[in-house]
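Down below is the structure, laid out as structure tokens.
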Amino acid sequence: MKFNPEKCAIADERMKPFIDADELWGHLQQPKPDAARVRQIIAKSLNKERLTLAETAALILADEPELIEEIKNGARELKKKVYGNRIVLFAPLYIGNHCINNCKYCGFKASNKFAVRRTLTDEEIIKETEALEDNGQKRLILVYGEHPKYSPEYIAHTVRLVYGVKKGNGEIRRVNINAAPLEIEGFRTVKEAGIGTFQVFQETYHPEAYKLYHPSGPKKNFEYRLTSLDRAQEAGVDDVGIGALFGLYDWRFEVMGLVRHTNHLEAVYNVGPHTISFPRIKDASEFDIDPKYEVNDDDFVRIIAILRLAVPYTGMILTARETQRVRTEVMQFGVSQIDGGTKLEIGSYSDSLNEEQNLNREQFKINDPRSLGDVVDELLDHGYLPSFCTACYRKGRTGEHFMEFSVPGFIKRFCTPNAILTLAEYLEDYAKPEVVTKGWKVIEENKKELSGFDRLEELNQRIERIKKGERDLYF
């Protein structure tokens, strides 16, 4: 998407820093809202309207147990209204862990003398991708350390390599990216390779805290990282993901920072982030973090519920950093995407490593090591509809186009049928017999909820075609 000044309120706000710490803290100094105010804000969100900074702050400040429950219930209702019961599944594939930064919380830091540095060869990338396809994965996020060897040209090369791997009925249909910020030309290069979402997490939106945690390396430049996704938009990458690493600074401020970032992208580029991630600090090799800002489970649930209400149409990602118990609990309050069968060690999908080797090749520790099959099984047990859908990206429903489809409620209209079709593929190709039985039952239950869908007969026909061996059918 080229920049169009007619669609932007203030053209010269592009690529300018937009975080004012005093402004964000100022909103958090307002008086605590009463119950009527909180209910008014929840009602606005349930009308599918994004909240303002002041309204988000009010939900943060509403810390009475009864109001917290109302916020959680509102988030649960909103998620059902916008996303239905779908949970999109993906897996991370770490390409290389060479890094020239010294982030205090990361196992990839340049000063970590225990880290086993490695970049996958082309043959190893193919082997890893085949192993992921053998498990049924269709969506990957490729992860790279920040190092000159991971240039835009190299990232584009690895993306094309992954897309080219076909094994049996397996194929990767969407490749997202988590990598260092790029210049505009660099973003153009990776866009041409056919990427999905490009993620850049700010880690912490507080400038002084950011300086403390990033003492050296290119990442120490707060403003350059903050405006990275503006450059992506300028390059035509209109599908971007933001995130904060909770535990580095006060969680209330980080929630405000995420909403401020969303506001900025919407105001300047007419489209907000496609996804928001909210990982919590976990142990890593050479871990060096003060526990002062550690986020407990109760506050973590509040964070997810508040963000769901604040940004109704943004996908929310919860990773295997969290335990199975936590993931099961918080999915109901707003999470729309999770990973399954995750391995963070370089080369570990196709190669078994012992625990000591894992720690020195991981970026951080994971706490939900279940296989994709086990994750799918549990989702079905809880009435969720597992989805491997990639249709919106491939049909051009991204950026502004995605908003055009999602705001009127088309997410549920398009995504539930497509989720059903991808689950049908998974059941036919990869699932254990007991999971197959559960899966078809869930598909039938979800078809009943599509009574207003004017292409239900076509959906049924496509399911039958999948049973006969056809693949990659979508609306």
Query raised in the report: Among the GluC sites (Glu not before Pro) within the range 275-335, which fall in a DSSP loop and have no more than 14 other Cβ atoms within 10 Å of their own Cβ?
Result: Glu294
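Out of every Cα-Cα pair in the chain, what percent are more than 41 Å apart?
Numbers: 14761 of 112575 pairs.
Value for the chain: 13 percent of Cα pairs lie more than 41 Å apart.
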Query raised in the report: Residues with beta-carbon under 9 Å from that of Ala156, excluding Ala156: net charge, scoring Lys, Arg +1 and Asp, Glu -1?
Result: 0
Query - Per-pair calculated FRET efficiency, R0 = 60 Å: Asp22 and Gln324 via Cβ, rounded to 0.05 - result: 0.90
Query raised in the report: Using θ = phi - 60° and the Karplus form 6.51 cos²θ - 1.76 cosθ + 1.60, what ³J(HN,Hα) does each residue of the range 188-198 get, whole Hz, x for Gly and Pro?
Result: 4, 4, 6, 4, 5, 7, x, 5, x, 8, 10
Query raised in the report: With respect to the cross-link table entries Lys81/Lys448; Lys432/Lys468; Lys113/Lys219; Lys48/Lys438; Lys44/Lys282, which display a Cα-Cα separation exceeding 23 Å?
Result: Lys48/Lys438; Lys44/Lys282
Requested in this report: Could you calculate the contour length gain from Asp429 to Leu46, that is, 0.36 nm times the residue separation minus the distance between their Cα atoms, to one decimal place in nm?
Outcome: 134.1 nm
Report task. Could you let me know the centre-to-centre spacing of the range 80-98 and the range 202-255, using Cα atoms, in angstrom? Result -> 20 Å
Query raised in the report: Taking 0.36 nm per intervening residue step and subtracting the Cα-Cα distance, what contour gain separates Arg465 from Ala35 on full extension?
Result: 149.5 nm
Report task. Taking the Cβ of His382 as the centre, find all other residues whose Cβ is under 12 Å away and add up their charges (Lys, Arg: +1; Asp, Glu: -1). Result -> -2
Query raised in the report: With the Cα gyration tensor of the range 6-133 giving a ≥ b ≥ c as the square roots of its eigenvalues, does the rule (a/c under 1.5 for rounded; else a/b larger than b/c for prolate; else oblate) give rounded, prolate or oblate?
Result: prolate
Requested in this report: For every other residue with a beta carbon closer than 15 angstrom to the beta carbon of Glu69, add +1 if it is Lys or Arg and -1 if Asp or Glu, then tell me the sum.
Outcome: -3
Report summary line: Under the helix-only model (-39500 (n - 2.57) for each DSSP H run of 4 or more, divided by the residues of the chain), the mean residue ellipticity at 222 nm, to 500 deg cm²/dmol, is -13500 deg cm²/dmol
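Values quoted throughout were computed directly from the atomic coordinates according to the rules given, and no laboratory measurement underlies them. Because the structure is a prediction, the values reported are computed rather than measured. Here the Cβ is made from the backbone with ideal geometry for all residues, glycine too, and neighbour counts use every protein chain on show.
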